[in-house]
Structure formats: C-alpha cells, structure tokens
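> Have a look at this one.
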Amino acid sequence: MSEVIIILALNGLVWGLIIALIALGLSIIFGLLEIINVAHGDFFMVGTVLAWAIIYFTGNFWIAFIIVPLIGFALGAMIERGVMRPIEHSADLTIVVAFGLSLILQESVRATFGSTPQRILDPIGKTFPIVGFQYEVYRLFAAGVAIVAIAGFFLFLHKTKFGTWMRAVRQDREMAIAMGVPADRIYIVTFALGTSLAMLGGVVAAPITSVEFRLGLDVLPMCFIAVIIGGLGNLPGTAAAAILLAFMEGVMTAYVEPTSARIASLVLMSAVLLLRPQGIFAKARA
Amino acid sequence: MLLFAGIPVAALLLLPMVLAEFQRIFVAEIFIWGLFAMSFALVYGYGGMLSFAQAVFFGAGCYGFNLGTFYYGFNTWGAIISAVVAAIALAAPIGLIATRARSHHFLIVTVIFSVLVYMILSSGHWRWIAGPYVTRSLTFVPEVPLGFVTLSYSNEIVVYYFTLAFVTLTVGLCALFVSSPFGRALVAQKDNEMRAQLIGLNIILLRFTVFVVAAAVAGLSGALYALLARYTNLEFFSWSYSGLAVVMAVIGGVNSLIGPFIGTAIYMVAAEHLSRYFESFTILIGIILILVVRYTPMGVWGLIQIFLKKASGA
C-alpha cells in the first residue's frame, strides 16, 4: 500500500507542477488585464491537440515541444490585440468574450481533430525502477520542464526590464504609464505569455493524458481552485497552491475515489473563500 | 406603446394556428430555454453577478420534477412545485457562499460549484437522486389536470399554451420583482456598490435573494423541459449549459427580461438551420457573441428599442 501511495504522490506532484504552469498563465493575465480567462483551459487543450498533430505529421515530439509554445505566444498576442483590447474596460464583457473564444476553440478542434480521444506515445519511452514499480522517465522530464518554466517566468518577472514593467503596470497602471512604461505592449506580451504557458503545459501534459477537445473543461476548474486558494493575482501563491492541491489529491486517491479527492479540494476552496478571501499565502505576495 | 405590447402578445396567442405540429413544440422549447436565459439576465443584468451556475438549477428542476413523480407520485402541478423547491434548496447553500464573493471570485465560485454538483451526480453515488433519471416513473401520465377538465400533454396545442401561460406568468412576476423597490435597490448595488452600501442597502441580502429567485426561475424552466421532453440528462448540470444561457441572454440583451427570449429564438432558429449545412455552427455562435459584445452590448433587444423609439418619435 505504501508503495502505491508513493507512486500516486509522485503522479500528483508531476501533475501539480503542470497545473501550476497553466494556473500561472491564468493568474498573470488576471493580475494585469483583470480578465478571467475562461478560455484558458481551452488554450491548454489546443496545446495538447497541436502536439498530437505535429507528432502525427512529423513523428517527432521535440518539434512540437519547441513550436507549440511559440504558436501560443502568437495566438495570445493576436487575441489580446484583436479581440480583448476594444473591451478591456469592462471585466464582465471580457469574460463573455473569453467564453465565446472557448466555444470557437473547442468547436474548431472538434471539427478538425474529431471528438475521439487520442493518445500520444511516451516520447522518451524509458522507465526506471522505484519502490518496486517501473516509473516513466518522461513524467520526471515533464516535472523538470514545468519547474524550469516556472523558475524562468519568475526570473523574467523580477530580473528583466520588461518583467519589472509588468509588475509596475500591475501595481499602478496610471503611474506606470506616466513614467513612460509602454502599457499597451505589456498587455499584449502578458496575454501572449499566459497563453504560451497554457500551451506549453498542453504539450508537456499531452503524453500523460488523453487528447480531446473537452480537456479544457477539466483543467480550468483545477486552475481556478488553485488561483483562489493561492490568492487571485498572487503568482507564487497560485503556483504553490496548484502543486499542493494536486499532491493532496494524488495521495488521497490511494484511499478514496478521484471524485471524493476533488470534492475535498472544493471544500478546502470554499473554506478559504469564506475565511481568507485574499488566499492563504497573502503575506507571501510578490 | 400599448400597441407595441399588444401586437406580440396577440401574435404569440395566434401563432399555433399557422404552425405545423413539430413547430409548435419547437416554439414551446424556445419559451423554455428563453426562460432559462432570462434567469441568467436576472442574476447578471439586474444583480450584476456573472453566474455560470444557472445550469445547475435548470438540472435541479429537471431532476426535481422526476423525483417528485418517481418517489411521491406527484401529478404535473406537484412535480413542478417539487422542481422549483429542488432548485431553491440547492441555490440557498451555494448562494450563501457565492454571494459573499467579490465580482471576480463570484464567477469562479459558480463555475466550481457547477463542476462539484456535476461530479457528485456523475460519480455514481447518491443513486436515489440519479435513479429517477435512469428509470422514470411508470405511473406518471403527462397531463394537466385543471379540475373540471384534464388536458393531455401529448397534444402539442396543450404543450404550447401551457408553456406560454407559465412563461408569461413568470415573466410578469419577474417584471414586478425588478420594478419593485427591491429591484431598484438591486440595480443600484450593481451600478455603484459603495454608494448603495452607504445609503444603507444590505447588499449581500439583495444578491442572495436575486440569486435564489433566478435559481427558482431556472428550476421552473427545467421542470417545463422535463415535462415537455420526458427526458433529463446529466449534461444539463454542466457549466457549458450555463454558458448557453450566457450566450442567448447576451445576444438578445441582458439588461431586460424580453431580450433573453429574443436571443434564444435567434440562437435556436440559427442552430436549427445552420446545423444542417455546417455541423460546427457553434464556431459561428462564438463569433457572433464576440461581435455582439463588441458592437452592441445591449443586444438585439437594445437595437429594437432604439429603432422603436426612432419610429415612434418620427
């Protein structure tokens, strides 16, 4: 039994890191643009589907791994500039528009990719023994990519000029603009970066999940829970909450069904919302 | 203005005469889904709360209807009441938590509660709830007992007028509700929360009340649907159905009670015809939604009102 728990905990941790990556994208977009991007899960889904398509045509996972985040960046930039910019003043309208985007993305994928779930072969294809089980090396690789991407994102935010601008706009938009920060460009880059993170999460997760057009509907609530528990717009808190939650759910599935584990997360979220609406990591705010 | 109101009412009353049988059912379905979309307009257009939980209450209405017929052998009236009660019973605890959440949190909380309810029902536990959905009541006869006469629901004229009567009554009650002092206070807290608070309005109570009222309306639409279609589906609980209410209400105009019905009619007629030529018409719906939000946030009903004003002024 305890061996199973270790494996499940490990799985939870890997998945938590991927969710953290996606939720960071959601959180940064909210933090700067005040958009609750309900299409965020669908960007993740498009990432997995594009990964599948690129592997289907080229037979190489690594091409997808490089290209998909770039496509995500371009797609995000176009959507921010073309669709979100004109209605940026109203938070509610952006949510409705994001829902429209979600419909378009899901239906486009269903029309082209089909509605049958597909699987992607493990691109590394090696396993190593751990507590009597054979564990896929790829999962560790996925966790590594997520860690590097999250670390890189925070380095970008804190060590580069552009990252400092982003934090400045988030803190006080008017003042930042008065100081000559190009806020419009920052909005584009932020949305593009958030989308790119979701699609990177999609590529990385593609080999360990099934690929289908409804995938976003599962991932989005998970990200939402992480964002609420971590504190809306609190980036380190969001990442920590995502990892913690997935880890907790992973361990719990050793004893109860996945549904009950998810319900436990939801109960935790409700408690946080009622008792600490600013999130449990409010003091650690960056 | 009375003329403008009189024409559509007369048209709706006379409409079945020019419709074929299946079209009468189709129009009745528009009333039902329109009522569902209107419940979203109540919460969002009047209450200022962007709710993605309306489908939960529609689903609760469907299930409540079937639970009433299955366990208690209710007739149509009793089943409709049990549907509304089920929706309210579910809305009260969700509303207690959700209405405390600020604007952005509120949306997230409603999405997450939809997911929660959907997950519990699809998990296979709680079969006493899911049971009537799989094995429906054998004794329930879809008919409308009026005391002196009993109308059979297999007659689509009955379906049409019964649905129309219920929907008209509900819209009328909701119109009274939103034009009452309570409704004014509701819009006041939506437009300027701090000011509403300063003049002494109990904002949480206002929000909670409209949340529950809208849930009851959504539950009623679920009951009417279950009665008409003799069918329920777990999918009705999923938040993509809540999204449908958002789409239909926003296209029609979310700041009125009539707009959602117009939006629903547009959506359903478009869906009916477009899906014949283009299977993925939802892509078009998404594009239309984005264009409506961008260019006419008041929706189609807003445009009609502007047109009517110009026409009556000229």
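The values are calculated or read from the model by the stated rules, or taken from the named source; none is laboratory data. Predicted model only: the values in this text are computed from it and were never measured. Cβ sites come from the backbone with ideal geometry, for glycine too, and all protein chains shown count toward neighbours.
> Is there a residue in the range A:210-217 that is more than 14 Å from chain B (Cβ to nearest Cβ) and either assigned to a helix (DSSP H, G or I) or not acidic (Asp, Glu) (or both)?
The answer is yes; a qualifying residue exists.
> Still on this structure, please answer the following. Considering (1) closer than 30 Å to B:Asn255 by Cα; (2) crowded, with 18+ Cβ neighbours inside 10 Å; (3) facing chain B (nearest Cβ under 9 Å), say which one A:Ser90 fails and leave the rest.
All conditions pass for A:Ser90, except number (2).
> While we're here: Would you point out the residue of the range B:242-257, among those that are farther than 16 Å from B:Leu107 by Cα and within 12 Å of the chain's Cα centre (by Cα), that is surrounded by the most Cβ atoms within 10 Å (Cβ to Cβ)?
B:Ala249
Condition check ((1) within 14 Å of chain A (Cβ to nearest Cβ); (2) touching a residue at least 24 places away in the same chain (Cβ under 8 Å); (3) of a type outside the set (A, V, I, L, M)) across all residues:
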position: B:Glu21; (1), (2), (3): no, yes, yes
position: B:Met38; (1), (2), (3): no, yes, no
position: B:Ala79; (1), (2), (3): no, yes, no
position: B:Phe106; (1), (2), (3): yes, yes, yes
position: B:Ser122; (1), (2), (3): yes, yes, yes
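> Which members of the range B:47-57 meet the condition of being touching a Ser or Thr at 6+ places or on another chain (Cβ under 6 Å) and more than 14 Å from chain A (Cβ to nearest Cβ)?
Within the range B:47-57, no residue meets the criteria.
> Report yes if B:Arg230 is out of contact with any helix residue (DSSP H, G or I) (no Cβ under 8 Å at 6 or more places or on another chain) and in contact (Cβ under 8 Å) with a residue 40 or more places away in the chain, otherwise no. First the steps, then the outcome.
Working: out of contact with any helix residue (DSSP H, G or I) (no Cβ under 8 Å at 6 or more places or on another chain): yes; in contact (Cβ under 8 Å) with a residue 40 or more places away in the chain: yes.
Yes, satisfied.
> Tell me which of these B:Gly48 doesn't satisfy, since it passes every other one: (1) under 14 Å from B:Gly222 (Cα atoms); (2) surrounded by fewer than 24 Cβ atoms within 10 Å (Cβ to Cβ).
Every listed condition holds for B:Gly48 apart from (1).
> Oh, and also: Select from the range B:268-314 the residues that are away from chain A (no Cβ under 14 Å) and hydrophobic (A, V, I, L, M, F, W, C) and list them in ascending order.
If the condition is that a residue be away from chain A (no Cβ under 14 Å) and hydrophobic (A, V, I, L, M, F, W, C), then B:Met268, B:Val269, B:Val300, B:Trp301, B:Leu303, B:Ile304, B:Ile306, B:Phe307, B:Leu308, B:Ala311, B:Ala314 are the ones that fit.
> Further, regarding this structure: Any residue at all in the range A:49-70 that is part of a helix (DSSP H, G or I), within 13 Å of chain B (Cβ to nearest Cβ) and of a type in the set (Val, Ile, Thr)?
Step one: filter the range A:49-70 for residues part of a helix (DSSP H, G or I), giving A:49-58, A:61-70.
Checking which are within 13 Å of chain B (Cβ to nearest Cβ) leaves us with none.
Within the range A:49-70 (the criterion being part of a helix (DSSP H, G or I), within 13 Å of chain B (Cβ to nearest Cβ) and of a type in the set (Val, Ile, Thr)), the answer is no, since none of the residues qualifies.
> While we're on this one: Filter the range B:199-241 down to residues that are over 30 Å from B:Tyr161 (Cβ atoms) and modelled with pLDDT under 85 and give me whichever is surrounded by the most Cβ atoms within 10 Å (Cβ to Cβ).
Top of the filtered list is B:Trp239.
> Oh, and also: One residue is enough: does the range B:178-196 have a residue meeting the conditions surrounded by 17 or more Cβ atoms within 10 Å (Cβ to Cβ), more than 23 Å from B:Phe22 (Cα to Cα), modelled with pLDDT of 90 or more and not acidic (Asp, Glu)?
yes
> For the subset of the range A:191-219 comprising residues that are surrounded by fewer than 24 Cβ atoms within 10 Å (Cβ to Cβ) and among the polar types (S, T, N, Q), which member is nearest to A:Leu232 (Cα to Cα)?
Selected residue: A:Thr209.
> Next question, about the same structure. Do we have A:Ile263 as farther than 16 Å from A:Gly31 by Cα and at pLDDT below 85 here?
yes
> Next question, about the same structure. Could you list, in sequence order, all residues of the range B:148-167 that are in a helix (DSSP H, G or I) and free of Cβ contacts under 8 Å to residues at least 12 places away in the same chain?
Selection gives B:Ala165 alone.
> Right, next: Out of all the residues in the range B:55-108, which are in a helix (DSSP H, G or I) and of a type in the set (Val, Ile, Thr)?
Pass one, the range B:55-108, residues in a helix (DSSP H, G or I): B:55-71, B:76-98, B:103-108.
B:Val56, B:Thr69, B:Thr76, B:Ile80, B:Ile81, B:Val84, B:Val85, B:Ile88, B:Ile94, B:Ile97, B:Ile108, listed by residue number.
> Give the residue, chosen from A:Ser196, A:Ser270, that is over 16 Å from the mean Cα position of the chain (by Cα) and in a helix (DSSP H, G or I).
Unique residue meeting the criteria: A:Ser270.
> What's the total number of residues in the range B:239-288 that are among the small types (Gly, Ala, Ser) and under 14 Å from B:Trp301 (Cα atoms)? Spell out how you get there, then give the answer.
Filtering the range B:239-288 for residues among the small types (Gly, Ala, Ser) gives B:240, B:242-243, B:245, B:249, B:252-253, B:256, B:259, B:263, B:265, B:270-271, B:275, B:280, B:286.
If we keep only those that are under 14 Å from B:Trp301 (Cα atoms) as well, we get B:249, B:252-253, B:256, B:259, B:263, B:265.
Selection size over the range B:239-288: 7.
> Could you list, in sequence order, the residues of the range A:232-263 that are surrounded by fewer than 18 Cβ atoms within 10 Å (Cβ to Cβ), within 11 Å of chain B (Cβ to nearest Cβ) and small (Gly, Ala, Ser)?
Scanning the range A:232-263 gives a single hit, A:Ser260.
> Give me the residue from the range A:93-117 that is within 21 Å of the chain's Cα centre (by Cα) and surrounded by fewer than 20 Cβ atoms within 10 Å (Cβ to Cβ) and, out of that set, nearest to the other protein chains (Cβ to nearest Cβ). Walk me through how you get there before you give the answer.
Going residue by residue through the range A:93-117, those that are within 21 Å of the chain's Cα centre (by Cα) are A:94-109, A:117.
So of that shortlist, the ones also surrounded by fewer than 20 Cβ atoms within 10 Å (Cβ to Cβ) come out as A:107-108, A:117.
Working: A:Glu107: 4, A:Ser108: 6, A:Pro117: 17 Å.
Taking the candidates together, the pick is A:Glu107.
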